[in-house]
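Peer 1: Please see the structure below; I have some questions.
The values are calculated or read from the model by the stated rules, or taken from the named source; none is laboratory data. This is a predicted model, so every value here is computed, not measured. Note that we place each Cβ from the backbone using ideal geometry, even for glycine, and neighbour counts take in every protein chain shown. The area values use the complete protein model at the heavy-atom level, side chains included, leaving out ligands, DNA and RNA. Shrake-Rupley method; radii C 1.70, N 1.55, O 1.52, S 1.80 Å.
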Amino acid sequence: MKIFCGRANPTTGSMEWLEEGEDYDYHQEIARSRYADMLHDKDRNVKYYQGIRAAVSRVKERGEKAIVLDIGTGTGLLSMMAASAGADFCYAIEVFKPMANAAVKIVEKNGFSDKIKVINKHSTEVTVGPDGDMQCRANILVTELFDTELIGEGALPTYEHAHKYLVQEGCEAVPHRATVYVQLVESRRMWSWKKLFPVHVEAEDGEKILFPPSEVENCPGVPSVCDIQLNQMPSSDFSTLSDVVTMFSVDFSKPVQSASTYYRVQLEPVKSGKAQIVLSWWDIDMDPSGMINCTMAPYWVNPTSALQWRDHWMQCVYFLPREEPVLQGEKLYLTACRDEYSVWYNLQKAREGENKADEEEHKADVCVESPVCRCRAHLLWNRPRFGELNDQNRTLQYIKSLRKVLKTDSVCLCISDGSLLPVLAHYLGAKQVQYFVLFFRSFHFSLIFFSDFFKANHLEDKIKIIEARPELLKPSHLEDKKISVLVGEPFFTTSLLPWHNLYFWYARTAVSTHLASNVTVLPQSASLHMMIVEFQDLWRIRSPCGTCEGFDVQTMDDMIKDSLNFRESKEAEPHPLWEYPCKSLSDPQEVLTFDFTKAVPQHCLSTEGSVKLLRKGKSHGAVLWMEYHLAADISVSTGLMQLPNEKGNCEWNPHCKQAVYFFSSVIESEILSDPTAVTYAINFDTKTGEIAMDFKL
């Protein structure tokens, strides 16, 4: 059976209906899953196995049968660990049907079909009794329901239900408890992901300062967690203001409450500074004594321990509602509020001479309502985009370029989502700035925010927002003037892969009739670049596992491979490579160019060639990115920020995701003894806006 899926093409901007197979969603789910990453997480797997063995032993020592409930079994790995540890029977719950089917095969292949029953249901639908899914309540509860924030995948309501209906009172639990830790820090870099900083522009009539509206300054932002690989954040980019403190713990062996609540700890800053950020992570104790511990602590907390790389559990960055100046040694209260799925933080200063009664009053002041964005900027821009807009060096490149092309009589049209370029163009002397707002999903928010933004800087009568798509632009929108300068960053909120921002080219083509014959387009062109790399760790998300702690999980490998071959293995995927170190094995190479001074051509743009591998290493894949040529000798890169050093270490643009094309033969590739080459064929279909690529090692 075929189904039609509607989508807005991010590159061409057109609405498309695509015919997909009925398994399309399922294949995407499997191909993009992190099952391989979890199976490669040696530390996690070993600790779970140790914890499960210990729990089974404790139950057996009491003279009881060990009955295990495994919620979210996935491959069935934890149930097989329990069965091999001597559990009498395991109930393995898996709601995702293709995964449950795979678990049945894996359990059978490993010889545990008589000890493990896979139940394809949500745990809240599981019944207990002679005619139920489970014959009796379990006395060992095993789960892996955690995300980077611990509770974001619904662990709390799942545990709450299990204790009420599925497990015995006083059951063993693996993990036994989770503990959340926090540390207060000051970080201009991370704070730039939440706030819009003032922009300084050197104009002919002196320095102009562009201020965000007060609503942005006072907005708490959005409650969604910012999860990153904190181990890739250099210590020079933040300053710790407090020691690491325990925020709260959850004992999974006892009834769990999922209702909204809050936790409060007292802090004394170890140094003075601006409290902006709460860094957070958790650990899990697999046993009651805490001897078997699996931690997500970053490098500066456990500097002597070997760090286990993992992408399914990282660390959290939380933004305080506002910046708070703090003094070394002063008394502070940090409050963590949570609902069933998310956590947010508030910081309060203790009042002078505060006593216990005052503390209780303070507690009453705690707001357990989730923060809501009131300024609309956080609904327009994601966190990397905030960082990009706050990047002064990047802004300076656009200012330099605009200075070269703007004249006092310029009629300037800007095509980019949520861009500050119109304001820069006005301050640098453009007579008339027409600002094109092109939000596919957030036009309403964009219109309101930029109206407030222009008012805050007294520009409401200087810059005009045009409420139209490029193909619907009329001369009346432009007051019958021709556009002399067309500008874009380009940036569009719907872009996932680097070349999706080529929508600027399609929009430029759509407005061709409104352009002056001598129009200047900025950027004047773009180029697609490529480099072959060896990843330090990211390769694990695509690498087959084979066996995991002695159990055959080849069925899962085959399942992922089939789903990748359905489509994804022939596509690149976006990754922020500042978080995922890699070594370049080749020089970067320009492979395609796009001339924005001309309309999009009717014919495809294709290229073939080869790239020499200059360093020894495993060729895991190719990284691709765009560079935009703003003016003579001024370019901005969405990928490499400078050429790799002698060892091949790379510095990537921290505000953009790069495209990664994983080679299917990565496992077979060995360390290279002689220089060799990778051949490539890349085709840009101008009708669909899609790039097809093929590589041969």
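Peer 1: From the list Glu172, Glu153, exactly one residue is at pLDDT below 95 and in contact with a Leu (Cβ under 8 Å, 6 or more places away or on another chain). Which is it?
Peer 2: Unique residue meeting the criteria: Glu153.
Peer 1: So, one more: Residue check: is Lys115 modelled with pLDDT of 95 or more, farther than 16 Å from Thr158 by Cβ and not assigned by the TED database to the domain that holds Gly546? Let's see the steps before the verdict.
Peer 2: On the way: modelled with pLDDT of 95 or more: yes; farther than 16 Å from Thr158 by Cβ: yes; not assigned by the TED database to the domain that holds Gly546: yes.
Yes.
Peer 1: Evaluate the following for Ala83: is it over 35 Å from the mean Cα position of the chain (by Cα) and in a helix (DSSP H, G or I)?
Peer 2: yes
Peer 1: Here's something else I'd like to know. Taking the residues in the stretch 43-89 that are among the acidic types (Asp, Glu) and in contact with a Cys (Cβ under 7 Å, 6 or more places away or on another chain) as candidates, determine which candidate is most open to solvent (accessible area, probe 1.4 Å).
Peer 2: Asp43
Peer 1: Restricting the stretch 164-176 to residues that are touching a strand residue (DSSP E or B) at 6+ places or on another chain (Cβ under 9 Å) and more than 17 Å from Leu78 (Cβ to Cβ), which is most open to solvent (accessible area, probe 1.4 Å)? Outline the logic, then answer.
Peer 2: The first filter runs over the stretch 164-176 and keeps only residues touching a strand residue (DSSP E or B) at 6+ places or on another chain (Cβ under 9 Å), leaving 165-168, 170-176.
Right, trim to more than 17 Å from Leu78 (Cβ to Cβ) and you get 165, 168, 170.
On the way: Tyr165: 125, Gln168: 74, Gly170: 61 Å².
Filtering the stretch 164-176 for residues that are touching a strand residue (DSSP E or B) at 6+ places or on another chain (Cβ under 9 Å) and more than 17 Å from Leu78 (Cβ to Cβ), the one most open to solvent (accessible area, probe 1.4 Å) comes out as Tyr165.
Peer 1: Select, from His200, His161, the only residue that is over 26 Å from Ser249 (Cα atoms) and open to solvent by 20 Å² or more (accessible area, probe 1.4 Å).
Peer 2: On inspection, the qualifying residue turns out to be His200.
Peer 1: Also, quick follow-up: Residues that are open to solvent by 70 Å² or more (accessible area, probe 1.4 Å) and at pLDDT 90 or above: find the helices (runs of 4 or more DSSP H) completely inside the stretch 351-416 holding 3 or more of those.
Peer 2: The qualifying helices (runs of 4 or more DSSP H) are 392-405.
Peer 1: Separate question: Quick one: count up the residues across the stretch 570-594 that are surrounded by 16 or more Cβ atoms within 10 Å (Cβ to Cβ) and over 17 Å from Ile532 (Cβ atoms).
Peer 2: 5
Peer 1: Return the residues of the stretch 491-505 that are part of a loop (DSSP other than H, G, I, E, B) and touching a strand residue (DSSP E or B) at 6+ places or on another chain (Cβ under 7 Å); say none if nothing qualifies.
Peer 2: The answer is Thr494, Leu496, Leu497.
Peer 1: Inside the stretch 453-477, can you point out the residues that are more than 35 Å from the chain's Cα centre (by Cα), open to solvent by 90 Å² or more (accessible area, probe 1.4 Å) and modelled with pLDDT of 90 or more?
Peer 2: Residues satisfying the conditions are His458, Lys474.
Peer 1: Of all the strands (runs of 3 or more DSSP E) wholly in the stretch 579-697, which have at least 3 residues that are closer than 30 Å to Asp391 by Cβ and touching a Cys at 6+ places or on another chain (Cβ under 8 Å)?
Peer 2: Qualifying strands (runs of 3 or more DSSP E): 582-584.
Peer 1: Please go through the stretch 530-558 and give me each residue that is open to solvent by less than 20 Å² (accessible area, probe 1.4 Å) and farther than 21 Å from Arg44 by Cα, ordered by number.
Peer 2: Met530, Met531, Ile532, Val533, Phe535
Peer 1: Check off (1) at pLDDT 95 or above; (2) crowded, with 18+ Cβ neighbours inside 10 Å for Gly609 and give me the number that stays unchecked.
Peer 2: It is condition (2) that Gly609 fails.
Peer 1: Can you tell me which residue among Ser214, Ser187 is closer than 30 Å to Phe453 by Cα, touching an Asp or Glu at 6+ places or on another chain (Cβ under 8 Å) and of a type in the set (Gly, Ala, Ser)?
Peer 2: The match here is Ser187.
Peer 1: I'm checking my understanding of the structure. Among residues of the stretch 145-177 that are assigned to a helix (DSSP H, G or I) and aromatic (Phe, Trp, Tyr), which one is nearest to Lys47 (Cα to Cα)?
Peer 2: It comes out as Tyr159.
Peer 1: Can you give me the number of residues within the stretch 44-62 that are under 15 Å from Asp283 (Cβ atoms) and small (Gly, Ala, Ser)?
Peer 2: Selection size over the stretch 44-62: 1.
Peer 1: Looking only at the stretch 260-289, which residues are in contact (Cβ under 8 Å) with a residue 24 or more places away in the chain and small (Gly, Ala, Ser)?
Peer 2: Hits for the stretch 260-289 are Ser260, Ser272, Gly273, Ala275, Ser280.
Peer 1: Checking Val519 against (1) within 29 Å of the chain's Cα centre (by Cα); (2) open to solvent by 30 Å² or more (accessible area, probe 1.4 Å): exactly one of these is not met. Which one?
Peer 2: The failed condition is (1).
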